[in-house]
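Below you'll find the structure, written out as structure tokens, and then a few comments.
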Amino acid sequence: MVLIILTIVFFVLRVLPGNPVLAMLGPKAPPSVVKAMEHQMGLDKPIIVQYVDYLKDIARGDFGRSTVTSRPVIKELLQRFPATLELTIFSMIIAVLIGIFYGTYAAYHLGSLLDVSARIYSIFVYSFPVFWFGLMLQLIFGVWLHWLPVSGESSPFMTPDHTYTGLYVVDAILNGQWDVLKDSLEHLILPSITLGVVISSIFVRMVRSNVVLALSSQFVTAARARGVKEKTVLFRHALKNALPPILTIMGLQFALLLGGAVLTEVTFSWPGIGSYLVSRIHARDFPAIQGTVVFFAIFVAIISILVDVINAWIDPRVRY
Amino acid sequence: MSERFTNQMITSRFSAFLKNLLGDASGAMAFAGFVILTIFILMAIFAPWIAPYSPVKPSGNPLMPPSWHHLMGTDNMGYDVFSRFIWGSRMALIIAFIATFIAASVGIPIGLAVGYIGGPIDRVITMIMDSIYTFPGLILAIAIAAVLGPGIINISLSIAVVYIPTYYRVIRSQVASVKSELYVESAYSIGAPTPTIIFRYILPNVLPSIIVVLSMNIADAIMTEAGLSFLGLGITPPTPDWGYDLANGQQFLISNDWWMAFFPGVAIILIVLGFSMFAEGLNEYFNPNIGEKR
Amino acid sequence: MNEPQVLIKDFSVSYRTKSGILQAVGNVTLEIGYHESLGIVGESGCGKSTLGVSMLRLLPPNATCKGSILFKGDDLLSLHPDQMRKLRGSEISMIFQDPMTSLNPIMRIRDHFFELFRVHNPGMQKGEMIEIAKEALHSVGVDPSRLDNYPFEFSGGMRQRVMIAISIALKPALLVADEPTTSLDVVVQEQIMQLLKKLKSERNMSIMLITHDMGIVAELAEKVAVMYAGRLVEYAPVRQLYTEPLHPYTRLLLRSIPNIKLDDMDLKYIPGSLPDLKNPPQGCRFYPRCPFSRGVCKDREPPDIRLDDNRRVKCWLYGDG
């Protein structure tokens, strides 16, 4: 899958109209300079050779150099990646928690007000533009209430002393710096709620319908017939069996999450690879754009493998 | 005589259908969605007549909060937000429709053909389509839009590419299942030529799900377009566009000038709701979920 | 023991549906003695499954009950939910029709047992739990070392045995078996029936066997109750039911069993169909299909006529009640 995306990105960025060199140097550059640059960038070689070089470079971890900062793209990406990871993880946690609890209880009380509200919630919140929701939260919690900051990952001088993971929240804990932890969390809350709530709309619906299905199966009745407590029946029997299809969906939704992350990062000036991508696009920095898209592709591929592994762990039938 | 009778039959059957539809929860949802999306389509078509002011010419002092003169206030250029609200529907709908049209025109035929032929071509193309499908759509659209540049057609194309696999998959799976149905086999055995089989037998059975997918897709496309414009990759200002207005409105939040960011978002929510309620409702009405008490 | 273990008195169940109220079981009075096996027979939709599920008080939320079900003197219907829950699996157990879907597919067999034990006997040590589980598996003819297997690793017949093992592990006094052999092939059916017979005598438990198969009823039941359209129409010891069926429905049922010894080539069936349970008729529910009906049958429902201690019929043919 990664290979296909790489290929598509390659062709999109090379074959489509728009000479990247001209974009870099400006339309007034003398043709000889343009030619020299093209040669230096390897753009005058036949397409096939360029393609192979491109693949070889990526395999080596060489994503090219940014035309704006002249630093290796891969370095810039890795520097900003932890921020995106932090946002993604926390948003996912929020989305999953809302999805599982709201969805499961709604399924259990089928037809009740809770259930109806869950269905309305999933359709309504799904229609929220992530960036609009973020702006509204900024308005309410940042401007009106002054409770939370509205941009950035941290306040000045409030970064962890020692970098273990790159995730400010984790590093702050590992460093024992509680003031940094508080500051990081304050900055993290709004963006992750923004993204998490919007994504949760899908999860609520998925969990609800799968748990409804599981609750009507024979083994749930059989479990009740053995005297098992309702709560156990709901969570260990119904929900756990409903999980495999839910997990697969959650894995697929990860792609949606990443798209939303880009928008969220821009809205909150969150220094991740999403906002990096957008700023590079405005700067016409093609190597960086290409590198970032490739990076996203690899990230998504890794996550899908992870989801498959988790699925096998939960459902023994998959393993055999 | 029989013509009038047929007409009567059609209208009474139609009204019976409507009554049934409205009585059912999902049917009512589909209907409500239909009403909303129709309102927006009409809004887009009749924008010049409905909007009180021009969306691209200042009609008042800038940054004025909502008032009777300007129901949704004015933005930093003095444009009436309400008028931009109305005119914005044009951009959203035009791009969404074009993008969906392109995606469907490419995805459906390929899906039909590949689904029918099967074999190694099926595997290869499906693999390609699946890769695009699982990759974050917005990021792909961003990347393509970055290369193509602004403009209605370009943006529509960027969005279309993201959704081609959607149509491909739906059609292909439907074709695969319909293909093995008995009536197709019998058509085949009486020597019906391939195109006939595809168009007369397979396609009509595959059509209903297309409407649902189309509607859902338009909702997604509108959202993606808004996202692109928000990021500055969409149409050029000062064309009225909800996504762009949202981005523009962000800087004024801090001074509590909230209406520029609020109303365009509401527009997006409503129109997306309309299309998705229509799709959802229709889908559940025609294939109700098992396990739900009916 | 003079008191029966189970006494169902004037018991009715109605379901609230979108299209009206459906009375699935109407005014049924039955008893099951200690260590006795009662067969409940009838065609699909006669209410026998509802009756079975009611014994465990596992009816869906849209069901309403009237009457009482006395188990060892206590009315199950008026017990606190937690008290009822404690009875399930330990005093009263149920086995279901489809062994494929009655076990949790992602739980090992031993976990099914452990869960059961932990619910009813929190202090039990793991070693003891394994002992009892293995013993239960052994008594149903399943290799005890298969405790660690998952349900999908068993065949249909084996799964049903496992299901039975779990249900009897805590030595319940009453076992409700809802169509336990219906989805199994004939050979396995026979094995399961033999197993149930053996368990009944070994463990002194009573069985409520719910089925539409007159054949297995003859094998296992001591007494039989025939149900039609939610009503109990005949109750008799098994031999008498088969040799002297009283109710017309019972007679037609028995006659419709193909007999390989007779040379008759036609399959006999009962013409007509079940009444609409949302709009039940005024008179006897079997009236439209009954070849022996009289005028009164159309207007009034027949009363329960007690011919003997163990013999009851609900039919105008046998008196006025």
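The values are calculated or read from the model by the stated rules, or taken from the named source; none is laboratory data. Keep in mind that what you see is a predicted model, and the values were worked out from it rather than measured. In this analysis, Cβ positions are derived from the backbone assuming ideal geometry, glycine residues included, and neighbour counts consider all displayed protein chains.
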Could you grab me the full set of residues in segment B:136-160 that are more than 15 Å from A:VAL262 (Cα to Cα) and facing chain A (nearest Cβ under 7 Å)?
-> B:ILE144, B:VAL147, B:LEU148
Spot the failing condition for C:THR182; the list is (1) modelled with pLDDT of 90 or more; (2) closer than 13 Å to C:MET100 by Cβ; (3) out of contact with any helix residue (DSSP H, G or I) (no Cβ under 7 Å at 6 or more places or on another chain), and only one is missed.
-> (1)
Does segment C:6-39 hold any residues that are farther than 25 Å from C:PRO172 by Cβ, touching a residue at least 12 places away in the same chain (Cβ under 8 Å) and among the basic types (Lys, Arg), and which are they?
-> C:ARG16
Output for segment A:210-224, where each listed residue is buried (at least 24 other Cβ atoms within 10 Å of the Cβ) and either part of a loop (DSSP other than H, G, I, E, B) or within 8 Å of chain C (Cβ to nearest Cβ) (or both) = A:PHE219, A:ALA222, A:ALA223
What do you reckon, is C:LEU58 within 14 Å of chain A (Cβ to nearest Cβ), within 27 Å of C:MET214 (Cβ to Cβ) and in contact with a Lys or Arg (Cβ under 6 Å, 6 or more places away or on another chain)?
-> yes
Picked from segment C:65-105 (must be among the hydroxyl-bearing types (Ser, Thr, Tyr) and in contact with a Phe, Trp or Tyr (Cβ under 8 Å, 6 or more places away or on another chain)), the residue farthest from the other protein chains (Cβ to nearest Cβ) is C:SER68
Out of curiosity, is C:GLY33 surrounded by 19 or more Cβ atoms within 10 Å (Cβ to Cβ) and under 16 Å from the mean Cα position of the chain (by Cα)?
-> no
Qualifying residue in segment C:96-109 (condition: touching a strand residue (DSSP E or B) at 6+ places or on another chain (Cβ under 6 Å) and within 30 Å of C:PHE154 (Cβ to Cβ)) = yes
Close pairs (8 angstrom Cβ cut-off, 6 or more residues apart or separate chains): over 22 Å from B:SER131 (Cα atoms) in segment A:233-257, in a helix (DSSP H, G or I) and at pLDDT below 85 anywhere = A:LYS240/A:ILE314; A:LEU243/A:ILE314
Identify the residue in segment B:226-238 that is more than 15 Å from B:MET260 (Cα to Cα), in contact (Cβ under 8 Å) with a residue 60 or more places away in the chain and over 19 Å from the mean Cα position of the chain (by Cα) and, among all such residues, is surrounded by the most Cβ atoms within 10 Å (Cβ to Cβ).
-> B:LEU231
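Within segment B:54-71, which residues are surrounded by fewer than 21 Cβ atoms within 10 Å (Cβ to Cβ) and touching a residue at least 24 places away in the same chain (Cβ under 8 Å)? Before you say what the answer is, go through the steps one by one.
Within segment B:54-71, the first condition is being surrounded by fewer than 21 Cβ atoms within 10 Å (Cβ to Cβ), and the residues that meet it are B:54, B:56-69, B:71.
Within segment B:54-71, B:SER54, B:VAL56, B:SER59, B:LEU63, B:PRO65, B:PRO66 meet the criteria.
Of the residues B:ILE128, B:ILE144, B:ILE95, B:ILE164, which is within 27 Å of A:ILE273 (Cβ to Cβ) and touching an Asp or Glu at 6+ places or on another chain (Cβ under 6 Å)? Explain how you work it out, then say what you get.
On the way: B:ILE128 fails: touching an Asp or Glu at 6+ places or on another chain (Cβ under 6 Å); B:ILE144 fails: touching an Asp or Glu at 6+ places or on another chain (Cβ under 6 Å); B:ILE164 fails: touching an Asp or Glu at 6+ places or on another chain (Cβ under 6 Å).
Unique residue meeting the criteria: B:ILE95.
Residues B:ASP80, B:ASP130: which one is in contact with a Ser or Thr (Cβ under 8 Å, 6 or more places away or on another chain) and among the charged types (D, E, K, R)? Walk me through it before giving the result.
Details: B:ASP130 fails: in contact with a Ser or Thr (Cβ under 8 Å, 6 or more places away or on another chain).
On inspection, the qualifying residue turns out to be B:ASP80.
Working only within segment C:83-98, note down all residues that are part of a loop (DSSP other than H, G, I, E, B) and under 23 Å from C:THR182 (Cβ atoms). Break it down into steps so the answer makes sense when it comes.
Step one: list which residues in segment C:83-98 are part of a loop (DSSP other than H, G, I, E, B), which gives C:89-91, C:96-98.
C:GLY89, C:PHE96, C:GLN97, C:ASP98 - these are the residues of segment C:83-98 that are part of a loop (DSSP other than H, G, I, E, B) and under 23 Å from C:THR182 (Cβ atoms).
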Of the residues that make up segment A:106-123, is at least one within 12 Å of chain B (Cβ to nearest Cβ), touching a Pro at 6+ places or on another chain (Cβ under 8 Å) and part of a helix (DSSP H, G or I)?
-> no
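Results for (1) modelled with pLDDT of 80 or more; (2) assigned to a strand (DSSP E or B); (3) out of contact with any Leu (no Cβ under 8 Å at 6 or more places or on another chain); (4) within 30 Å of C:HIS35 (Cβ to Cβ), shown as yes or no for each residue.
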site	(1), (2), (3), (4)
C:VAL217	yes, no, no, yes
C:ILE257	no, no, yes, yes
C:ILE260	no, no, yes, no
C:ASP264	no, no, yes, no
C:SER293	no, no, yes, no
C:GLU301	yes, no, yes, no
Out of the residues in segment A:251-307 that are of a type in the set (Gly, Ala, Ser) and not in a helix (DSSP H, G or I), state the one that is surrounded by the fewest Cβ atoms within 10 Å (Cβ to Cβ).
-> A:SER269
Of (1) without any contact (Cβ under 8 Å) to a residue 60 or more places away in the chain; (2) assigned to a strand (DSSP E or B); (3) surrounded by fewer than 18 Cβ atoms within 10 Å (Cβ to Cβ), C:LEU58 fails just (2)
Of B:LEU214, B:LEU273, B:LEU207, which residue is more than 14 Å from chain A (Cβ to nearest Cβ), assigned to a helix (DSSP H, G or I) and at pLDDT 75 or above?
-> B:LEU214
Does C:GLY156 fit the bill of being touching a Pro at 6+ places or on another chain (Cβ under 8 Å), surrounded by fewer than 20 Cβ atoms within 10 Å (Cβ to Cβ), more than 8 Å from chain A (Cβ to nearest Cβ) and touching a residue at least 12 places away in the same chain (Cβ under 8 Å)?
-> yes
Examine segment B:276-286 for a residue that is in a helix (DSSP H, G or I), within 11 Å of chain A (Cβ to nearest Cβ), touching an Asp or Glu at 6+ places or on another chain (Cβ under 9 Å) and modelled with pLDDT of 85 or more, and state whether such a residue exists.
-> yes
